[in-house]
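The values are calculated or read from the model by the stated rules, or taken from the named source; none is laboratory data. Here the structure is a predicted model, which is why all the values come from computation and not from measurement. Virtual Cβ from ideal backbone geometry, glycine too; neighbours counted across all protein chains shown. All accessible areas refer to the heavy atoms of the entire protein, side chains included, with ligands and DNA or RNA removed. Shrake-Rupley method; radii C 1.70, N 1.55, O 1.52, S 1.80 Å.
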Amino acid sequence: RGVYGRLGHGDTRQRLHPKKVEAFAGRRVVAVSAGALHSITITAGGAVFAWGRGDLGCLGHGEDLSDQLLPKKIEAWVRD
């Protein structure tokens, strides 16, 4: 189910078959954690992305508590 955008495809539609998350095209994802309402990934370069249900700050995007339909980089984790 794609409620809250938790699948990362830019919409809330249900998918019956696995589909590549296009936001990571050209990036190497080294870790994924998929929760009931949101997901988080880490890329080989150390960037951390989160998407899905955003209320209560569970995605780590600061004051932006909106649902994220696409993976969004968590700026607090950006390496210098």
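Below is a table of values for the structure above.
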| read-out | value |
| --- | --- |
| Positions within segment 46-61 being assigned to a loop (DSSP other than H, G, I, E, B) and open to solvent by 60 Å² or more (accessible area, probe 1.4 Å), in sequence order | ARG53 |
| Verdict on SER66 being surrounded by fewer than 16 Cβ atoms within 10 Å (Cβ to Cβ), of a type in the set (S, T, N, Q), at pLDDT 90 or above and over 17 Å from ARG1 (Cα atoms) | yes |
| Yes/no for LEU59 being closer than 16 Å to ARG6 by Cα, in contact (Cβ under 8 Å) with a residue 12 or more places away in the chain and not β-branched (Val, Ile, Thr) | yes |
| Selection from segment 6-45 of residues that are polar (S, T, N, Q) and either surrounded by 10 or more Cβ atoms within 10 Å (Cβ to Cβ) or in contact (Cβ under 8 Å) with a residue 24 or more places away in the chain (or both) | THR12, SER33, SER39, THR41, THR43 |
